[in-house]
1. Looking at (1) in contact with a strand residue (DSSP E or B) (Cβ under 9 Å, 6 or more places away or on another chain); (2) of a type outside the set (Val, Ile, Thr); (3) in contact (Cβ under 8 Å) with a residue 12 or more places away in the chain, which one does Lys454 not meet, given that it meets all the others?
2. Being more than 18 Å from Ser85 (Cβ to Cβ), at pLDDT below 95 and basic (Lys, Arg), is that true of even one residue in the range 385-399?
3. Which ones in the range 277-297 are open to solvent by less than 40 Å² (accessible area, probe 1.4 Å), touching a Ser or Thr at 6+ places or on another chain (Cβ under 8 Å) and more than 12 Å from Leu310 (Cβ to Cβ)?
4. Would you check which residues across the range 158-172 are open to solvent by 50 Å² or more (accessible area, probe 1.4 Å) and farther than 15 Å from Arg226 by Cβ and list them?
5. Got a number for residues in the range 102-132 being among the hydroxyl-bearing types (Ser, Thr, Tyr) and modelled with pLDDT of 90 or more?
6. Return the residue satisfying two criteria in turn: it lies in the range 334-348 and is modelled with pLDDT under 85 and not in a loop (DSSP other than H, G, I, E, B), and of such residues it is most open to solvent (accessible area, probe 1.4 Å).
7. Taking only the range 105-134 into account, find how many residues are surrounded by 13 or more Cβ atoms within 10 Å (Cβ to Cβ) and either in a helix (DSSP H, G or I) or more than 27 Å from the chain's Cα centre (by Cα) (or both).
Amino acid sequence: MRKTYMILVFSLVLSTFASAQYQNEFGQDIVKVMSVIDTRVDGTSQVRHYVMDPVTDMPVPLRDAGAVITGVDQVTLQQLVLTRSWHWKWPVIVVFNQTKLAKTFRGKYKIVPKKYITLRRGNNNTPKMKNGTKVKKDKTQDQFSSWWNFRRQFENDNDNTIVMTDGDWFFKNPDGTWEDPDPSNPSVSRTVSRTMIIASATFQLSGNRWIGTYNIVEADIFWHTRLFTLAKLVYQRLAAVAFEFAYGYQGTVWSTDMLSNNPHFITNNDFTNKNSDYWQNINYPRDDFFYRDSLGIGMSPVFLSTPMMLPFEMEVLDIGGYQVPTVDELGNVDMGYTPILFLTNLIALDGKKKMNVKIFRIDETVNPPKDRKIVYLNGNTMRYPEPPPSGWTQKIYTSVFLNNVRLGRESDLAKLENAVWKYGAPKTINGVDFAKVIKIKVKLTGLLGEKGKKKTIARIFYLVDTPQPWE
């Protein structure tokens with residue numbers, strides 16, 4: 001099997017509210033959220049999500065994201081974990097400046113935005129990204145009152161920064177040890193990249209509703225110097241993915257996608273050739289999903305009236321190493337590495353306005369082939385509407401432009417895995433050998449807009465479950 005490259009997985013979920021709110025210069029209430037994504041050399045990633053407490057300006061854990069208490073100590077998520085997307089407010093040019101050390105490596109990554117990002121965008125609404133020339137000073141630990149203030153020096157500074165430091169301190173504990181030592185060589189860090197995304201939503205009262213839209217306002221990328229000891233194409237791909245995730249894109253299980261943890265079909269030519277499946281069938285359509293319009297304002301008639309879905313027909317979906325979110329007894333949710341299964345313009349809201357996903361195994365041992373049920377799943381978009389903060393009576397209705405669809409329960413993941421290994425057969429797809437493959441049909445039903453009718457889109461895929469080194 002072709003070697004998989006390490007990638008950066010960026011996964012977002014919805015925010016919760018703290019007990020008090022930030023306010024902008026117009027006195028409008030603002031909610032700030034943050035995601036931190038670590039990527040390791042073995043291809044695994046960890047994603048942490050926080051709400052920024054407006055009193056202390058410190059990150060607090062994400063809470064109550066669709067969690068249901070089912071017993072004294074048992075908390076579960078809904079079957080489908082549906083999350084809305086965060087976007088930059090276009091039109092915008094997102095400039096990444098750098099620290100002094102990062103600038104010395106600039107020759108290794110400066111071509112990436114120009115060659116693989118800005119010129120490869122799917123439409124003109126997609127933000128343009130480029131490397132700036134400003135050098136950001138990275139202050140030393142003794143210039144701060146605490147280790148955490150030192151670590152947060154690039155947050156909320158209205159600047160997007162590529163950060164590299166002498167000693168790689170952003171990958172270390174306060175005592176100088178590695179936060180994530182490589183098991184095969186504890187003297188080096190297994191984590192080579194960290195991305196921090198900050199988004200905010202401003203809410204305004206409209207009638208009896210508070211209306212808001214989430215926008216990305218800052219993205220910082222932290223690179224370990226070990227990254228640039230890797231092969232050129234590997235670190236260039238990782239840099240390209242880092243910029244793509246800064247768009248608001250998220251990790252997937254699609255094998256033709258560079259954002260996948262198992263990108264079986266991404267070759268050198270796929271990465272460099274703008275006519276490859278990666279660009280034409282995955283990345284350009286994803287640009288259209290995220291930046292077709294300004295977050296729902298003035299959508300094209302086609303987008304409003306046509307159910308859409310990624311990935312494309314007959315894509316290989318690899319659930320190898322898939323980890324569903326975990327939730328503790330307080331409702332704190334850890335997304336960990338939970339990539340999306342599908343991206344769709346069909347949405348779910350609250351109450352009975354659920355999304356339904358039916359997954360069938362296509363049994364080709366009979367004539368004609370028969371669809372056999374594996375799992376039927378449903379769920380609402382997490383925290384829609386948002387519950388009112390302390391002292392408020394109105395609920396909060398934030399924009400739901402599209403939904404990212406993830407599995408929420410181990411039991412349903414096990415059904416998919418068992419179907420692959422019980423009914424699958426060896427198969428070579430586009431030159432890649434898989435031990436077990438089944439063909440599945442997916443029927444996804446949701447709403448076209450808040451007041452839209454229910455629509456269904458059906459698509460056929462290959463499903464595999466390749467063993468992962470960390471399993």
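1. Of (1) in contact with a strand residue (DSSP E or B) (Cβ under 9 Å, 6 or more places away or on another chain); (2) of a type outside the set (Val, Ile, Thr); (3) in contact (Cβ under 8 Å) with a residue 12 or more places away in the chain, only one is false for Lys454: (3).
2. Checking the range 385-399: at least one residue is more than 18 Å from Ser85 (Cβ to Cβ), at pLDDT below 95 and basic (Lys, Arg).
3. Matches in the range 277-297: Tyr278, Tyr291, Asp293, Leu295, Gly296.
4. Once the filter is applied, which keeps residues that are open to solvent by 50 Å² or more (accessible area, probe 1.4 Å) and farther than 15 Å from Arg226 by Cβ, the range 158-172 yields only Asn158.
5. So the count comes out to 2.
6. So the residue we want is Asp334.
7. Qualifying residue count, the range 105-134: 12.
Residue-by-condition table, conditions (1) modelled with pLDDT of 95 or more; (2) of a type in the set (D, E, K, R):
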position	(1), (2)
Gly408	no, no
Trp421	yes, no
Gly424	yes, no
Ile429	yes, no
Asp433	yes, yes
Val437	yes, no
Lys451	no, yes
Arg459	yes, yes
Trp470	no, no
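The values are calculated or read from the model by the stated rules, or taken from the named source; none is laboratory data. Computed from a predicted model, the values in this text were never measured in an experiment. Here Cβ is always computed from backbone atoms with ideal geometry, including for glycine, and neighbour counts include all displayed protein chains. To get the accessible areas, we keep the full protein, side chains included, count just its heavy atoms, and leave off ligands, DNA and RNA. Shrake-Rupley method; radii C 1.70, N 1.55, O 1.52, S 1.80 Å.
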